[in-house]
Structure formats: structure tokens, C-alpha cells
Amino acid sequence: MNLTEDEIRELIKEAFDAREMAYTPYSNFKVGAALLTSNKKIYKGCNIENASFSPTICAERTAIFKAVSEGNRDFRAISIVGGKVNDTNFNYSPPCGVCRQVMVEFCDIEKFMIIIAKSIDEYKIYTLKDLLPISFSNKELESQ
């Protein structure tokens, strides 16, 4: 499940491209995500805010829900970038708890790679298990 350096850089570039589409009139914090499927298709997502806040959706969930709605549920990795609207120096933007829980629903907790990046050359890679070592999944709902 490892990615090549070129695949990582391409995924980060796509996340930066997705970030440009973010709708963030309240926080002015734009986030972009690029989700890579096992068949090498990339789904991009951005955060979309709402005045009443609870309908707001994160970039990661936008990308995952786009993929699922098109019949894709086999994911390898996601890259995430974020920062204030006019920032040129980015910091790492890890996924929130809700996004991590959605990832648990659709991704292999041991193998799914989460790439958080400041730039194409400066990034960190985690597995989903690294970021959510104890999770609630469909396994807990199965009869014993």
C-alpha cells in the first residue's frame, strides 16, 4: 500500500488545487483534500461552510462522500492541506475527529495513509490507526 514519491506529490498538489474551491466566509480557513482509490482515481474535496455551522462539511468528508456516491469504496490514501485564505506559509492540518470516524467506516485502519502537508516537499504521513488508535467500527455492531 505504499505510495511512490511522485504519487505523494501529485496527491498533495491535487489537495492544494481542491483548497482553492473551498467556501469559507466565516472561518476564512480553507482546506483541500485529495483521496486516492486503489484503482488510482483521485477524488478532490474542499470544506464548505454554512451560516448555521452544523451543516458545514470538511474537505476530507467531501472527497470520501463523492467517491462513495460514485461507487468507489476502496481507498489507499488521502492528502490534506489547509490554511487561512491569504496565507502562503501553511501549517499541518490533520483531520478532525468526525473525519477520522468516517475514514474508519470506509478505510483499512492499518493501511490507509493520511498525508498532511505544508507544501509538496514538506509533509508527514500517518496511518489511520496512528491518528485513531481506538475506534468504533462495524465490528462493534456485529453479534458475538
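Rule-based calculations on the coordinates, nothing more; no lab input. None of the values given here were measured: they were computed from a predicted structure. Here the Cβ is made from the backbone with ideal geometry for all residues, glycine too, and neighbour counts use every protein chain on show.
Annotation note: trypsin sites (Lys or Arg not before Pro) in the stretch 2-92 located in DSSP loop regions with a Cβ neighbour count of at most 14 within 10 Å are Lys40, Lys41, Arg73. Normalised by residue number, the volume inside the convex hull of the Cα atoms of the chain is 116 Å³ per residue. Starting from the Cα gyration tensor of the stretch 94-144, take the square roots of the eigenvalues, sort them a ≥ b ≥ c, and report rounded, prolate or oblate (rounded when a/c is under 1.5, otherwise prolate if a/b is larger than b/c, else oblate). Verdict is prolate for the stretch 94-144. Coupling constants for the stretch 10-26 follow from the phi torsions by the Karplus curve (6.51 cos²θ - 1.76 cosθ + 1.60, θ = phi - 60°), and in residue order they are 5, 5, 5, 4, 5, 5, 4, 4, 5, 4, 4, 8, 4, 10, 9, x, 9 Hz; glycine and proline get x.
Extension gain, Lys139 to Met21: 0.36 nm times the residue separation minus the Cα-Cα distance gives 38.9 nm. For the stretch 1-52, the Kirkwood hydrodynamic radius comes to 11.8 Å, computed from all pairs of different C-alpha atoms.
Please identify the chymotrypsin sites (Phe, Trp or Tyr not before Pro) of the stretch 32-102 that satisfy two criteria: DSSP loop assignment and at most 10 other Cβ atoms within 10 Å. Which are they? Spell out each step's value before the answer.
On the way: sites: Tyr43, Phe53, Phe65, Phe75, Phe90, Tyr92; in loops: Phe53, Phe90, Tyr92.
Of the chymotrypsin sites (Phe, Trp or Tyr not before Pro), the ones in loops of the stretch 32-102 whose Cβ has at most 10 other Cβ atoms within 10 Å are Phe53.
Which GluC sites (Glu not before Pro) from the stretch 32-127 combine a DSSP loop assignment with at most 11 other Cβ atoms within 10 Å? Walk me through the numbers on the way to the answer.
Working: sites: Glu49, Glu60, Glu70, Glu105, Glu110, Glu122; in loops: Glu49, Glu70, Glu110, Glu122.
Sites meeting the loop and neighbour criteria: Glu70, Glu110, Glu122.
Each stretch of four or more DSSP H residues adds -39500 (n - 2.57); spread over every residue of the chain, this sum gives -8500 deg cm²/dmol at 222 nm.
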